[in-house]
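Shown next, in C-alpha cells, is the structure this report addresses.
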Amino acid sequence: MQLFYNPDLDNNFSQFVFPAQESKHIVKVLRKKEGDILTITNGKGLFFEAKILIADIRKCKAEIIDITKKHQKAHWLHLVVAPTKMNDRFEWFLEKATEIGVNEITPIICDHSERKIVKIERMEKVILAAMKQSLQAYLPKLNSPVTFKEYINTPKEGLLFIAHCEEEEKVELKRRVAADKDVTILIGPEGDFSTSEIKTAYDNGFLPVSLGENRLRTETAAIFACTTVALINNG
C-alpha cells in the first residue's frame with residue numbers, strides 16, 4: 001500500500017482534488033486511473049480510502065468512500081536532540097525515530113554544538129516521507145530549533161530525562177521509563193552537554209539516565225532512547 005498525505009482533509013470532505021504535483025505523480029508516474037482506490041492520511045489520526053473520479057495530471061479528483069480513525073498511543077515521546085555536525089546523520093535520526101514512533105522532536109542548540117543553523121524545511125520533508133513510508137496516521141510534531149536556555153525555561157510535563165557522558169551514577173533508561181507515561185529525553189551534541197547545562201537540567205527536574213556502557217553518537221543515542229521507550233510501551 002502507498003500512503004498519500006493531505007493535511008486539510010477531515011470528516012467534512014466527500015470529494016477533493018490533489019495538488020498539481022501530486023496529481024501528476026499519481027496519474028503519470030503511478031499510472032492510476034478512474035476507479036482506482038488510494039489511501040490518504042491527514043497526519044492527525046485519520047485514514048481515508050478514496051476512489052479516483054478524474055485522473056487528470058493537473059487536477060486528480062477523488063471521492064472519499066471510507067474513513068478510519070487511528071487512536072493515538074497512551075504515551076507521548078518528546079526527543080530534544082542537538083543537531084549533528086553532518087546533516088545526513090541528523091536526517092537519518094529523524095527518519096528512523098519517525099518510523100519507530102516518536103511524537104515530538106525539538107532540535108536544541110547547546111554550548112558545545114558544532115552546528116547552530118538547521119534547515120527546518122528539509123527536516124519536515126524527511127519526517128513526512130518517513131511517516132508515509134511507515135504507513136502511520138500521525139505526523140510527528142517538529143518544533144523550531146531553540147537554544148538550551150530557551151528550551152529549559154519552557155513548561156514541561158511527564159517524565160524528564162537527560163542522557164550525558166559525565167562520570168556519575170546513573171540509572172538505565174529502561175528502568176526509568178514507565179508504560180503509558182509521557183517522556184521527554186535530552187540528547188546532547190558530539191561534545192556532550194556542558195557541566196552548567198547538566199546542572200541546569202537537574203535544577204529543572206531532569207534525571208540522569210544511562211544508555212549503556214558504550215559511548216554513542218548523538219543520532220545513535222537518540223534512536224536508542226526512542227527504541228527503549230517504544231519497547232516499554234509495546235511490550
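The values are calculated or read from the model by the stated rules, or taken from the named source; none is laboratory data. None of the values given here were measured: they were computed from a predicted structure. Reconstructed Cβ throughout: ideal geometry from the backbone, glycine too, with neighbour counts over all protein chains shown. Each accessible area value is taken on the protein alone, full model and side chains, heavy atoms only, with ligands, DNA and RNA left out. Shrake-Rupley method; radii C 1.70, N 1.55, O 1.52, S 1.80 Å.
Observations on the structure shown:
- Single unsatisfied condition, Gly191 versus (1) open to solvent by 80 Å² or more (accessible area, probe 1.4 Å); (2) more than 23 Å from Ala74 (Cβ to Cβ); (3) at pLDDT below 95: (1)
- Considered as a group, the residues in segment 60-70 that are of a type in the set (D, E, K, R) and open to solvent by 80 Å² or more (accessible area, probe 1.4 Å) include one that is farthest from Leu139 (Cα to Cα), and that residue is Lys69.
- Neighbours by Cβ (under 6 Å, 6+ apart or cross-chain): first from segment 111-135, closer than 21 Å to Gly45 by Cα; second β-branched (Val, Ile, Thr): Ile127/Thr98; Ala130/Thr98; Met131/Thr98
- Residue within segment 102-109 that is part of a loop (DSSP other than H, G, I, E, B) and at pLDDT 95 or above present: yes
- Hits in segment 183-235 - residues which are of a type in the set (D, E, K, R), assigned to a helix (DSSP H, G or I) and touching a residue at least 24 places away in the same chain (Cβ under 8 Å): Glu197, Glu219
- Residues satisfying the stated conditions in segment 19-36, i.e. within 28 Å of the chain's Cα centre (by Cα), open to solvent by less than 100 Å² (accessible area, probe 1.4 Å) and not aliphatic (A, V, I, L, M): Pro19, Glu22, Ser23, His25
Per-residue answers, yes or no, for (1) closer than 20 Å to Ala137 by Cα; (2) modelled with pLDDT of 95 or more; (3) open to solvent by 10 Å² or more (accessible area, probe 1.4 Å); (4) charged (D, E, K, R):
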{"site": "Gln72", "(1), (2), (3), (4)": "yes, no, yes, no"}
{"site": "Leu77", "(1), (2), (3), (4)": "yes, yes, no, no"}
{"site": "Val81", "(1), (2), (3), (4)": "no, yes, no, no"}
{"site": "Thr84", "(1), (2), (3), (4)": "no, no, no, no"}
{"site": "Asp88", "(1), (2), (3), (4)": "no, no, yes, yes"}
{"site": "Trp92", "(1), (2), (3), (4)": "no, yes, yes, no"}
{"site": "Lys96", "(1), (2), (3), (4)": "yes, yes, yes, yes"}
{"site": "Ile100", "(1), (2), (3), (4)": "yes, yes, yes, no"}
{"site": "His112", "(1), (2), (3), (4)": "no, no, yes, no"}
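- Residues in segment 25-75 that are more than 23 Å from Lys125 (Cα to Cα), part of a strand (DSSP E or B) and touching a Lys or Arg at 6+ places or on another chain (Cβ under 7 Å): Ile37, Ile52, Leu53, Ile54, Ala62, Glu63, Ile65.
- Single condition Ser134 does not satisfy, out of (1) more than 17 Å from Val81 (Cα to Cα); (2) crowded, with 16+ Cβ neighbours inside 10 Å; (3) of a type outside the set (D, E, K, R): (2)
- When Ile162, Ile152, Ile198 are checked against the criterion of being under 13 Å from Leu79 (Cα atoms) and buried (at least 16 other Cβ atoms within 10 Å of the Cβ), Ile162 stands alone in meeting it.
- Which listed residue is surrounded by fewer than 16 Cβ atoms within 10 Å (Cβ to Cβ) and either modelled with pLDDT under 95 or within 21 Å of Thr84 (Cβ to Cβ) (or both), from Arg176, Arg217: Arg217
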